[in-house]
Amino acid sequence: MMRVTLFCVLLWAAFTLNGFSQQSDNDLRLKTFHSISSNELMEFASELSADKYAGRLSGSPEYLEAAKWCASKFEEWGVKPANNGSYFQYFPNEYSEVNSLGSVVYFNGNEKTYLDFPEDFIPGSNSASGTVQAELVYVGHGITAPELGYDDYKNVDVKGKIIILESGTPYTKNDETLGKWTPYAYHRYKFRNAVKHGAAGMIYASKLANPNTVNLEGFVYAHVDTKVVEQIMADAGKDYRQIREQLKNMETPSFELPAEQKVFIRAETKYFPDAQACNVVAMIEGSDPELKDEVIIIGGHLDGQGQMGDVTFSSALDNASGISDILGAAKALATSEVKPKRSVLFILLGGEECGLYGSKYYCKNPLFPVEKTKMMINLDMVGNGTSFYVSGGKTHSQLFSHFEKANTDFIHREMGASAVTKNYGRPRSDASVFEDAGIKTFGLWTRNSVYPVHYHMPADKTNVLTPEIMEDAAKLLYLGVLGVANDTKLLQR
Ligand SMILES: [Zn+2]
(Lines give C-alpha, C1' and ligand atoms only; values in the text may rest on other atoms or scores of the structure.)
Protein backbone atom coordinates (compact mmCIF):
# COMPACT_ATOMS: atom_id res chain seq x y z
CA MET A 1 0.00 0.00 0.00
CA MET A 2 2.69 2.38 1.09
CA ARG A 3 4.80 1.52 -1.90
CA VAL A 4 1.96 2.18 -4.33
CA THR A 5 1.32 5.60 -2.78
CA LEU A 6 4.96 6.54 -2.97
CA PHE A 7 5.02 5.40 -6.57
CA CYS A 8 1.98 7.56 -7.33
CA VAL A 9 3.55 10.56 -5.65
CA LEU A 10 6.72 10.12 -7.64
CA LEU A 11 4.74 9.71 -10.84
CA TRP A 12 2.76 12.83 -10.07
CA ALA A 13 5.92 14.76 -9.27
CA ALA A 14 7.61 13.59 -12.46
CA PHE A 15 4.70 14.69 -14.62
CA THR A 16 4.28 17.98 -12.84
CA LEU A 17 7.95 18.88 -12.85
CA ASN A 18 8.21 17.90 -16.46
CA GLY A 19 5.16 20.03 -17.12
CA PHE A 20 6.66 22.93 -15.20
CA SER A 21 9.97 22.76 -17.02
CA GLN A 22 8.21 22.58 -20.38
CA GLN A 23 5.98 25.43 -19.43
CA SER A 24 8.93 27.53 -18.35
CA ASP A 25 10.91 26.54 -21.45
CA ASN A 26 8.14 27.94 -23.59
CA ASP A 27 7.90 31.03 -21.40
CA LEU A 28 11.62 31.58 -21.72
CA ARG A 29 11.46 31.21 -25.48
CA LEU A 30 8.61 33.68 -25.67
CA LYS A 31 10.43 36.13 -23.44
CA THR A 32 13.29 36.27 -25.93
CA PHE A 33 10.89 36.13 -28.86
CA HIS A 34 9.16 39.28 -27.65
CA SER A 35 12.44 41.05 -27.04
CA ILE A 36 13.00 41.17 -30.80
CA SER A 37 11.85 44.60 -31.90
CA SER A 38 11.40 46.20 -35.28
CA ASN A 39 12.87 49.44 -33.90
CA GLU A 40 16.20 47.83 -33.29
CA LEU A 41 16.20 46.01 -36.63
CA MET A 42 15.54 49.31 -38.39
CA GLU A 43 18.47 50.84 -36.51
CA PHE A 44 20.68 48.09 -37.90
CA ALA A 45 19.32 48.64 -41.42
CA SER A 46 19.83 52.41 -41.16
CA GLU A 47 23.38 51.96 -39.95
CA LEU A 48 24.26 49.60 -42.82
CA SER A 49 22.52 51.84 -45.37
CA ALA A 50 24.33 54.97 -44.19
CA ASP A 51 26.45 56.97 -46.64
CA LYS A 52 29.59 56.26 -44.60
CA TYR A 53 29.53 52.66 -45.86
CA ALA A 54 29.16 53.89 -49.46
CA GLY A 55 26.76 51.13 -50.49
CA ARG A 56 29.03 48.35 -49.10
CA LEU A 57 30.71 47.51 -52.40
CA SER A 58 32.57 44.26 -51.82
CA GLY A 59 36.32 44.83 -51.88
CA SER A 60 36.07 48.52 -50.95
CA PRO A 61 37.38 49.90 -47.64
CA GLU A 62 33.82 50.96 -46.76
CA TYR A 63 32.62 47.37 -47.11
CA LEU A 64 35.30 46.28 -44.66
CA GLU A 65 34.13 48.99 -42.26
CA ALA A 66 30.57 47.67 -42.47
CA ALA A 67 31.93 44.16 -41.82
CA LYS A 68 33.76 45.47 -38.73
CA TRP A 69 30.62 47.11 -37.46
CA CYS A 70 28.72 43.81 -37.74
CA ALA A 71 31.55 42.00 -35.96
CA SER A 72 31.36 44.56 -33.15
CA LYS A 73 27.68 43.71 -32.67
CA PHE A 74 28.45 40.00 -32.49
CA GLU A 75 31.15 40.73 -29.95
CA GLU A 76 28.79 42.91 -27.91
CA TRP A 77 26.33 40.01 -27.65
CA GLY A 78 28.98 37.40 -26.88
CA VAL A 79 28.71 35.67 -30.24
CA LYS A 80 32.21 34.31 -30.76
CA PRO A 81 34.56 34.72 -33.71
CA ALA A 82 34.32 31.56 -35.84
CA ASN A 83 37.56 31.62 -37.84
CA ASN A 84 40.39 30.72 -35.43
CA GLY A 85 39.73 33.70 -33.23
CA SER A 86 38.81 36.04 -36.07
CA TYR A 87 35.41 37.30 -37.20
CA PHE A 88 36.66 37.58 -40.77
CA GLN A 89 37.23 35.13 -43.57
CA TYR A 90 39.08 36.96 -46.35
CA PHE A 91 39.12 36.26 -50.08
CA PRO A 92 40.32 38.08 -53.22
CA ASN A 93 37.76 40.57 -54.56
CA GLU A 94 38.78 42.89 -57.38
CA TYR A 95 36.50 45.89 -57.82
CA SER A 96 36.22 49.32 -59.43
CA GLU A 97 35.41 52.62 -57.82
CA VAL A 98 32.99 54.77 -59.86
CA ASN A 99 34.20 58.31 -59.20
CA SER A 100 31.52 60.25 -61.04
CA LEU A 101 28.27 59.57 -62.84
CA GLY A 102 30.01 60.40 -66.12
CA SER A 103 27.70 60.97 -69.06
CA VAL A 104 25.95 59.26 -71.92
CA VAL A 105 24.91 61.28 -74.97
CA TYR A 106 22.95 60.02 -77.95
CA PHE A 107 23.34 61.68 -81.36
CA ASN A 108 20.87 61.21 -84.17
CA GLY A 109 22.07 63.42 -87.03
CA ASN A 110 21.94 66.94 -85.60
CA GLU A 111 19.83 65.94 -82.63
CA LYS A 112 21.66 65.50 -79.36
CA THR A 113 20.14 63.87 -76.29
CA TYR A 114 21.79 63.86 -72.88
CA LEU A 115 20.67 60.81 -70.95
CA ASP A 116 19.56 61.34 -67.37
CA PHE A 117 20.77 59.40 -64.33
CA PRO A 118 19.12 57.23 -63.08
CA GLU A 119 16.05 57.39 -65.34
CA ASP A 120 17.91 56.65 -68.60
CA PHE A 121 21.27 55.26 -67.60
CA ILE A 122 23.41 53.87 -64.79
CA PRO A 123 27.22 53.98 -65.07
CA GLY A 124 28.99 50.68 -65.61
CA SER A 125 30.29 49.42 -62.26
CA ASN A 126 33.43 48.07 -63.93
CA SER A 127 33.80 50.40 -66.89
CA ALA A 128 37.28 51.45 -67.85
CA SER A 129 37.96 55.13 -67.21
CA GLY A 130 37.78 57.30 -70.30
CA THR A 131 35.56 58.37 -73.15
CA VAL A 132 34.32 56.75 -76.31
CA GLN A 133 32.24 58.11 -79.17
CA ALA A 134 31.27 55.90 -82.05
CA GLU A 135 28.61 54.48 -84.34
CA LEU A 136 26.40 51.72 -83.09
CA VAL A 137 25.99 48.02 -83.76
CA TYR A 138 23.25 45.90 -82.25
CA VAL A 139 24.66 42.48 -81.29
CA GLY A 140 21.72 40.88 -79.43
CA HIS A 141 23.09 38.64 -76.67
CA GLY A 142 26.66 39.07 -77.91
CA ILE A 143 27.34 35.32 -77.90
CA THR A 144 29.68 33.35 -80.15
CA ALA A 145 29.03 29.63 -79.60
CA PRO A 146 30.27 27.60 -82.58
CA GLU A 147 29.34 24.26 -81.00
CA LEU A 148 25.77 25.51 -80.69
CA GLY A 149 25.77 26.89 -84.24
CA TYR A 150 25.13 30.36 -82.88
CA ASP A 151 26.98 33.65 -83.44
CA ASP A 152 25.56 37.10 -82.74
CA TYR A 153 28.59 38.65 -84.46
CA LYS A 154 28.45 36.67 -87.72
CA ASN A 155 26.98 39.38 -89.97
CA VAL A 156 28.34 42.53 -88.36
CA ASP A 157 31.62 44.39 -88.01
CA VAL A 158 31.94 45.96 -84.56
CA LYS A 159 35.55 47.19 -84.85
CA GLY A 160 35.81 50.62 -83.25
CA LYS A 161 32.02 50.71 -82.71
CA ILE A 162 29.80 50.86 -79.65
CA ILE A 163 27.75 47.71 -79.34
CA ILE A 164 24.23 47.48 -77.94
CA LEU A 165 24.09 44.30 -75.86
CA GLU A 166 21.31 42.27 -74.23
CA SER A 167 21.76 40.26 -71.04
CA GLY A 168 21.00 36.54 -70.81
CA THR A 169 20.94 33.82 -73.43
CA PRO A 170 18.42 33.17 -76.21
CA TYR A 171 17.71 29.76 -74.68
CA THR A 172 15.83 30.17 -71.40
CA LYS A 173 14.12 26.84 -70.66
CA ASN A 174 15.50 25.27 -67.46
CA ASP A 175 16.58 21.90 -68.83
CA GLU A 176 19.83 20.16 -69.76
CA THR A 177 20.23 22.21 -72.93
CA LEU A 178 20.42 25.37 -70.84
CA GLY A 179 23.61 24.00 -69.30
CA LYS A 180 25.29 24.25 -72.70
CA TRP A 181 24.42 27.95 -72.82
CA THR A 182 25.56 28.67 -69.25
CA PRO A 183 29.19 29.61 -70.08
CA TYR A 184 27.77 32.30 -72.37
CA ALA A 185 25.36 33.70 -69.79
CA TYR A 186 28.05 35.48 -67.76
CA HIS A 187 28.48 39.23 -68.21
CA ARG A 188 32.23 38.72 -68.06
CA TYR A 189 32.16 36.37 -71.05
CA LYS A 190 30.07 38.84 -73.06
CA PHE A 191 32.42 41.74 -72.27
CA ARG A 192 35.47 39.71 -73.28
CA ASN A 193 33.79 38.50 -76.46
CA ALA A 194 32.93 42.10 -77.37
CA VAL A 195 36.52 43.23 -76.86
CA LYS A 196 37.79 40.21 -78.83
CA HIS A 197 35.65 41.36 -81.74
CA GLY A 198 37.15 44.84 -81.51
CA ALA A 199 34.23 46.76 -79.97
CA ALA A 200 35.28 50.16 -78.58
CA GLY A 201 32.50 50.49 -76.04
CA MET A 202 29.06 49.30 -75.08
CA ILE A 203 25.63 50.24 -73.95
CA TYR A 204 24.06 47.42 -71.98
CA ALA A 205 20.31 47.19 -72.49
CA SER A 206 19.58 46.40 -68.86
CA LYS A 207 19.46 49.36 -66.52
CA LEU A 208 20.81 48.57 -63.07
CA ALA A 209 23.94 48.91 -61.00
CA ASN A 210 25.81 45.68 -61.47
CA PRO A 211 29.26 44.96 -60.01
CA ASN A 212 29.04 41.41 -61.42
CA THR A 213 31.06 42.42 -64.49
CA VAL A 214 34.71 42.84 -65.38
CA ASN A 215 37.03 45.80 -65.84
CA LEU A 216 38.75 45.46 -69.24
CA GLU A 217 41.43 47.87 -70.34
CA GLY A 218 39.99 50.70 -72.41
CA PHE A 219 36.49 49.22 -72.55
CA VAL A 220 34.02 51.94 -71.59
CA TYR A 221 30.37 51.08 -71.06
CA ALA A 222 27.12 52.13 -69.40
CA HIS A 223 23.77 50.51 -68.63
CA VAL A 224 20.80 52.11 -70.40
CA ASP A 225 17.07 51.83 -70.02
CA THR A 226 15.28 49.70 -72.61
CA LYS A 227 13.13 52.68 -73.58
CA VAL A 228 16.32 54.43 -74.77
CA VAL A 229 17.21 51.38 -76.86
CA GLU A 230 13.68 51.33 -78.21
CA GLN A 231 14.10 54.97 -79.33
CA ILE A 232 17.49 54.28 -80.93
CA MET A 233 15.95 51.33 -82.80
CA ALA A 234 12.97 53.39 -83.91
CA ASP A 235 15.32 56.09 -85.25
CA ALA A 236 17.03 53.33 -87.25
CA GLY A 237 13.65 52.28 -88.64
CA LYS A 238 13.50 49.11 -86.54
CA ASP A 239 10.89 47.68 -84.21
CA TYR A 240 12.61 46.73 -80.95
CA ARG A 241 9.78 44.42 -79.91
CA GLN A 242 10.11 42.48 -83.13
CA ILE A 243 13.88 42.26 -82.72
CA ARG A 244 13.44 40.78 -79.28
CA GLU A 245 11.04 38.21 -80.70
CA GLN A 246 13.70 37.27 -83.25
CA LEU A 247 16.20 36.89 -80.42
CA LYS A 248 13.92 34.42 -78.67
CA ASN A 249 13.71 32.45 -81.92
CA MET A 250 17.52 32.40 -82.07
CA GLU A 251 17.53 34.34 -85.34
CA THR A 252 20.56 36.52 -84.39
CA PRO A 253 19.04 39.78 -85.66
CA SER A 254 22.32 41.73 -85.29
CA PHE A 255 22.79 44.80 -87.51
CA GLU A 256 24.86 47.95 -87.96
CA LEU A 257 22.91 51.14 -87.33
CA PRO A 258 22.96 54.11 -89.72
CA ALA A 259 26.16 56.21 -89.48
CA GLU A 260 24.28 59.33 -88.28
CA GLN A 261 23.40 57.53 -85.04
CA LYS A 262 26.20 57.75 -82.50
CA VAL A 263 26.70 57.50 -78.77
CA PHE A 264 29.20 59.23 -76.52
CA ILE A 265 30.09 57.69 -73.15
CA ARG A 266 32.30 59.19 -70.47
CA ALA A 267 33.24 57.09 -67.45
CA GLU A 268 35.43 58.01 -64.50
CA THR A 269 36.55 54.96 -62.56
CA LYS A 270 39.47 53.49 -60.69
CA TYR A 271 40.24 49.79 -60.82
CA PHE A 272 41.57 47.81 -57.84
CA PRO A 273 42.65 44.41 -59.17
CA ASP A 274 44.22 43.15 -55.94
CA ALA A 275 41.54 44.05 -53.39
CA GLN A 276 40.17 41.72 -50.74
CA ALA A 277 36.79 41.31 -49.12
CA CYS A 278 35.56 39.03 -46.36
CA ASN A 279 32.73 37.03 -44.92
CA VAL A 280 31.90 37.91 -41.32
CA VAL A 281 31.75 34.65 -39.37
CA ALA A 282 30.48 34.33 -35.81
CA MET A 283 29.15 31.43 -33.80
CA ILE A 284 27.25 30.27 -30.77
CA GLU A 285 28.61 26.96 -29.58
CA GLY A 286 25.97 24.35 -28.91
CA SER A 287 25.19 23.48 -25.29
CA ASP A 288 25.08 19.71 -25.85
CA PRO A 289 28.47 17.97 -25.59
CA GLU A 290 27.75 15.78 -28.63
CA LEU A 291 25.33 17.80 -30.72
CA LYS A 292 27.53 20.89 -30.60
CA ASP A 293 29.70 19.31 -33.32
CA GLU A 294 26.77 19.83 -35.66
CA VAL A 295 26.03 23.26 -36.99
CA ILE A 296 23.19 25.33 -38.40
CA ILE A 297 24.16 28.21 -40.65
CA ILE A 298 22.26 31.48 -40.87
CA GLY A 299 23.58 33.64 -43.72
CA GLY A 300 22.95 36.44 -46.13
CA HIS A 301 25.01 38.86 -48.19
CA LEU A 302 26.34 42.00 -46.58
CA ASP A 303 27.61 43.65 -49.75
CA GLY A 304 25.68 46.06 -51.93
CA GLN A 305 26.03 47.98 -55.16
CA GLY A 306 28.37 50.67 -53.92
CA GLN A 307 28.56 54.34 -54.69
CA MET A 308 28.68 56.21 -58.00
CA GLY A 309 29.99 59.74 -57.74
CA ASP A 310 28.03 61.27 -54.87
CA VAL A 311 25.18 58.79 -55.17
CA THR A 312 25.09 55.99 -52.61
CA PHE A 313 23.30 52.83 -53.57
CA SER A 314 22.22 52.12 -49.99
CA SER A 315 21.17 48.58 -50.95
CA ALA A 316 18.68 48.67 -48.09
CA LEU A 317 16.30 45.93 -49.13
CA ASP A 318 19.11 44.17 -51.04
CA ASN A 319 20.41 43.23 -48.51
CA ALA A 320 20.76 45.44 -45.42
CA SER A 321 17.32 44.04 -44.60
CA GLY A 322 18.42 40.40 -44.51
CA ILE A 323 21.54 41.25 -42.51
CA SER A 324 19.49 43.21 -39.97
CA ASP A 325 17.11 40.27 -39.56
CA ILE A 326 20.11 37.98 -39.01
CA LEU A 327 21.63 40.34 -36.43
CA GLY A 328 18.28 40.43 -34.62
CA ALA A 329 18.17 36.64 -34.54
CA ALA A 330 21.82 36.48 -33.44
CA LYS A 331 21.17 38.74 -30.49
CA ALA A 332 18.10 36.71 -29.56
CA LEU A 333 19.89 33.36 -29.80
CA ALA A 334 22.85 34.74 -27.85
CA THR A 335 20.74 36.07 -25.00
CA SER A 336 18.17 33.26 -25.03
CA GLU A 337 17.87 31.36 -21.76
CA VAL A 338 16.91 28.31 -23.79
CA LYS A 339 20.27 27.41 -25.30
CA PRO A 340 20.71 25.80 -28.71
CA LYS A 341 22.05 22.24 -28.34
CA ARG A 342 23.63 22.33 -31.80
CA SER A 343 26.01 25.12 -32.74
CA VAL A 344 24.81 28.09 -34.78
CA LEU A 345 27.10 29.79 -37.28
CA PHE A 346 26.33 33.24 -38.69
CA ILE A 347 27.87 34.10 -42.05
CA LEU A 348 27.50 37.60 -43.45
CA LEU A 349 28.66 36.98 -46.98
CA GLY A 350 30.75 39.30 -49.12
CA GLY A 351 31.05 39.48 -52.89
CA GLU A 352 27.53 38.29 -53.70
CA GLU A 353 26.92 41.16 -56.09
CA CYS A 354 30.31 40.54 -57.74
CA GLY A 355 29.49 36.90 -58.51
CA LEU A 356 28.74 34.97 -55.29
CA TYR A 357 32.39 35.17 -54.21
CA GLY A 358 31.77 34.85 -50.47
CA SER A 359 29.50 31.81 -50.59
CA LYS A 360 31.76 30.06 -53.09
CA TYR A 361 34.77 30.78 -50.90
CA TYR A 362 33.05 29.49 -47.77
CA CYS A 363 31.89 26.28 -49.47
CA LYS A 364 35.46 25.61 -50.63
CA ASN A 365 36.86 26.52 -47.19
CA PRO A 366 34.09 25.56 -44.73
CA LEU A 367 34.69 26.25 -41.04
CA PHE A 368 32.61 23.20 -40.11
CA PRO A 369 32.66 19.95 -42.10
CA VAL A 370 29.86 19.91 -44.66
CA GLU A 371 28.63 16.54 -43.32
CA LYS A 372 28.17 18.11 -39.88
CA THR A 373 26.26 21.06 -41.31
CA LYS A 374 22.59 20.28 -40.66
CA MET A 375 21.19 23.14 -42.68
CA MET A 376 21.70 26.64 -44.00
CA ILE A 377 19.11 29.40 -44.24
CA ASN A 378 19.94 32.30 -46.53
CA LEU A 379 18.23 35.69 -46.32
CA ASP A 380 18.23 37.93 -49.37
CA MET A 381 15.82 40.85 -49.59
CA VAL A 382 13.78 40.01 -46.50
CA GLY A 383 12.24 43.32 -45.58
CA ASN A 384 9.50 44.54 -47.90
CA GLY A 385 6.22 42.71 -47.89
CA THR A 386 3.54 41.01 -45.86
CA SER A 387 4.33 37.34 -46.38
CA PHE A 388 7.21 34.89 -46.42
CA TYR A 389 8.43 32.48 -49.02
CA VAL A 390 10.90 29.69 -48.40
CA SER A 391 12.59 27.99 -51.32
CA GLY A 392 13.68 24.49 -50.37
CA GLY A 393 10.91 24.26 -47.75
CA LYS A 394 9.19 21.45 -49.62
CA THR A 395 12.41 19.50 -50.12
CA HIS A 396 13.81 19.63 -46.59
CA SER A 397 10.44 19.22 -44.90
CA GLN A 398 11.60 17.78 -41.58
CA LEU A 399 13.82 20.80 -40.98
CA PHE A 400 11.21 23.14 -42.39
CA SER A 401 8.54 21.88 -39.98
CA HIS A 402 10.25 23.85 -37.18
CA PHE A 403 9.83 27.09 -39.11
CA GLU A 404 6.26 26.20 -40.04
CA LYS A 405 5.43 25.52 -36.42
CA ALA A 406 6.96 28.82 -35.30
CA ASN A 407 4.92 30.62 -37.90
CA THR A 408 1.66 28.80 -37.16
CA ASP A 409 1.95 29.18 -33.40
CA PHE A 410 3.26 32.70 -33.00
CA ILE A 411 3.86 34.66 -36.19
CA HIS A 412 0.78 33.99 -38.32
CA ARG A 413 2.08 35.15 -41.69
CA GLU A 414 1.28 33.63 -45.02
CA MET A 415 4.31 31.44 -45.77
CA GLY A 416 4.74 29.80 -49.15
CA ALA A 417 7.31 27.14 -49.87
CA SER A 418 8.79 25.44 -52.89
CA ALA A 419 10.96 22.44 -53.56
CA VAL A 420 14.58 22.84 -54.57
CA THR A 421 14.62 22.95 -58.34
CA LYS A 422 17.72 21.94 -60.20
CA ASN A 423 19.10 25.00 -61.93
CA TYR A 424 20.81 24.15 -65.21
CA GLY A 425 21.81 27.75 -65.80
CA ARG A 426 24.06 30.25 -64.07
CA PRO A 427 23.74 30.07 -60.24
CA ARG A 428 22.09 33.29 -59.12
CA SER A 429 22.00 33.14 -55.34
CA ASP A 430 24.17 32.28 -52.36
CA ALA A 431 21.52 29.73 -51.38
CA SER A 432 22.15 27.75 -54.57
CA VAL A 433 25.90 27.70 -53.87
CA PHE A 434 25.33 26.12 -50.43
CA GLU A 435 22.74 23.68 -51.77
CA ASP A 436 25.11 22.63 -54.56
CA ALA A 437 27.83 22.05 -51.95
CA GLY A 438 25.60 19.38 -50.37
CA ILE A 439 24.10 21.47 -47.56
CA LYS A 440 20.34 21.43 -47.05
CA THR A 441 19.52 25.05 -47.78
CA PHE A 442 16.52 27.33 -47.44
CA GLY A 443 16.17 30.66 -49.20
CA LEU A 444 13.98 33.02 -47.19
CA TRP A 445 12.26 35.89 -49.03
CA THR A 446 9.50 38.36 -48.35
CA ARG A 447 6.61 38.62 -50.80
CA ASN A 448 3.61 40.86 -51.50
CA SER A 449 5.80 43.94 -51.41
CA VAL A 450 4.27 46.97 -49.73
CA TYR A 451 6.60 49.45 -51.47
CA PRO A 452 8.07 49.35 -54.97
CA VAL A 453 11.20 47.20 -55.24
CA HIS A 454 13.99 49.41 -56.63
CA TYR A 455 16.25 46.56 -57.63
CA HIS A 456 19.89 47.72 -57.78
CA MET A 457 18.77 51.34 -58.04
CA PRO A 458 19.61 54.37 -55.88
CA ALA A 459 16.03 54.44 -54.55
CA ASP A 460 16.60 51.17 -52.62
CA LYS A 461 16.68 53.04 -49.31
CA THR A 462 15.39 52.29 -45.83
CA ASN A 463 12.08 54.04 -46.56
CA VAL A 464 11.05 51.04 -48.68
CA LEU A 465 11.47 48.61 -45.79
CA THR A 466 8.54 47.23 -43.80
CA PRO A 467 9.86 46.96 -40.22
CA GLU A 468 7.09 44.60 -39.09
CA ILE A 469 8.01 41.81 -41.48
CA MET A 470 11.67 42.24 -40.54
CA GLU A 471 10.78 41.74 -36.91
CA ASP A 472 8.82 38.62 -37.86
CA ALA A 473 11.70 37.34 -39.98
CA ALA A 474 14.07 37.61 -37.02
CA LYS A 475 11.47 35.90 -34.82
CA LEU A 476 11.02 33.15 -37.38
CA LEU A 477 14.79 32.62 -37.44
CA TYR A 478 15.00 32.57 -33.66
CA LEU A 479 12.27 30.01 -33.07
CA GLY A 480 12.90 27.98 -36.21
CA VAL A 481 16.65 27.67 -35.73
CA LEU A 482 16.25 26.94 -32.02
CA GLY A 483 13.74 24.25 -32.97
CA VAL A 484 16.16 22.59 -35.38
CA ALA A 485 19.10 23.03 -33.00
CA ASN A 486 17.28 21.22 -30.19
CA ASP A 487 15.48 18.55 -32.20
CA THR A 488 17.10 15.35 -30.92
CA LYS A 489 14.98 13.27 -33.29
CA LEU A 490 16.41 14.85 -36.43
CA LEU A 491 17.28 12.23 -38.98
CA GLN A 492 20.93 11.55 -39.50
CA ARG A 493 22.13 12.58 -42.90
ZN1 LIG B 1 20.75 40.40 -52.95
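What pairs can you find where one residue is in region 75-91 and of a type in the set (Val, Ile, Thr), the other is in a strand (DSSP E or B), and their Cβ atoms are less than 6 Å apart, with a gap of 6+ or different chains? Close Cβ pairs satisfying both conditions: Val79/Ala282; Val79/Ile284. Restricting the first member to region 348-375 and to residues that are of a type in the set (Phe, Trp, Tyr), and the second to residues that are assigned to a helix (DSSP H, G or I) and more than 15 Å from the ligand (Cβ to nearest atom), the beta-carbon pairs closer than 9 Å and six or more apart or on different chains are Phe368/Asp293. The requirement of being more than 30 Å from the chain's Cα centre (by Cα), under 29 Å from Gly59 (Cβ atoms) and surrounded by fewer than 17 Cβ atoms within 10 Å (Cβ to Cβ) is not satisfied by Lys154. The single condition among (1) surrounded by fewer than 22 Cβ atoms within 10 Å (Cβ to Cβ); (2) not assigned by TED's automatic domain parsing to the domain that holds Tyr362 that Asp288 does not meet is (2).
Taken over region 296-323, the residue count meeting the criterion of being in contact with a helix residue (DSSP H, G or I) (Cβ under 6 Å, 6 or more places away or on another chain), more than 16 Å from the ligand (Cβ to nearest atom) and within 24 Å of Arg342 (Cβ to Cβ) is 1. Residues that are of a type in the set (A, V, I, L, M, F, W, C), within 16 Å of the ligand (Cβ to nearest atom) and in contact with a Lys or Arg (Cβ under 9 Å, 6 or more places away or on another chain) within region 324-366 comprise just one, Leu356. For Gly383, state whether it is in contact (Cβ under 8 Å) with a residue 12 or more places away in the chain and touching a strand residue (DSSP E or B) at 6+ places or on another chain (Cβ under 9 Å). Judged against the criteria, Gly383 is a match.
Filtered by the rule that a residue be open to solvent by less than 10 Å² (accessible area, probe 1.4 Å) and either over 11 Å from Ala128 (Cβ atoms) or not hydrophobic (A, V, I, L, M, F, W, C) (or both), region 258-280 gives Gln261, Val263, Ala277, Cys278, Asn279, Val280.
Specify which of the listed residues (Gly385, Gly393) is within 16 Å of the ligand (Cβ to nearest atom) and open to solvent by less than 10 Å² (accessible area, probe 1.4 Å).
On the way: Gly393 fails: within 16 Å of the ligand (Cβ to nearest atom).
It is Gly385.
Residues that are not charged (D, E, K, R) number at least 3 in the following helices (runs of 4 or more DSSP H) confined to region 300-383: 322-335, 357-364. Condition check for Leu348 on (1) within 22 Å of Pro427 (Cβ to Cβ); (2) aliphatic (A, V, I, L, M); (3) open to solvent by 10 Å² or more (accessible area, probe 1.4 Å): one failure, at (3). Looking only at region 62-96, residues that are part of a helix (DSSP H, G or I) and open to solvent by less than 30 Å² (accessible area, probe 1.4 Å) come to 6 in all.
Tell me, yes or no, whether region 203-219 has at least one residue that is in a helix (DSSP H, G or I), open to solvent by less than 30 Å² (accessible area, probe 1.4 Å) and among the hydrophobic types (A, V, I, L, M, F, W, C). Within region 203-219, not a single residue is in a helix (DSSP H, G or I), open to solvent by less than 30 Å² (accessible area, probe 1.4 Å) and among the hydrophobic types (A, V, I, L, M, F, W, C).
The values are calculated or read from the model by the stated rules, or taken from the named source; none is laboratory data. This one's a predicted model, so the numbers in the text were calculated from it and none came from an experiment. Virtual Cβ from ideal backbone geometry, glycine too; neighbours counted across all protein chains shown. Accessible surface is based on the protein model in full, side chains and every heavy atom, while ligands, DNA and RNA are left aside. Shrake-Rupley method; radii C 1.70, N 1.55, O 1.52, S 1.80 Å.
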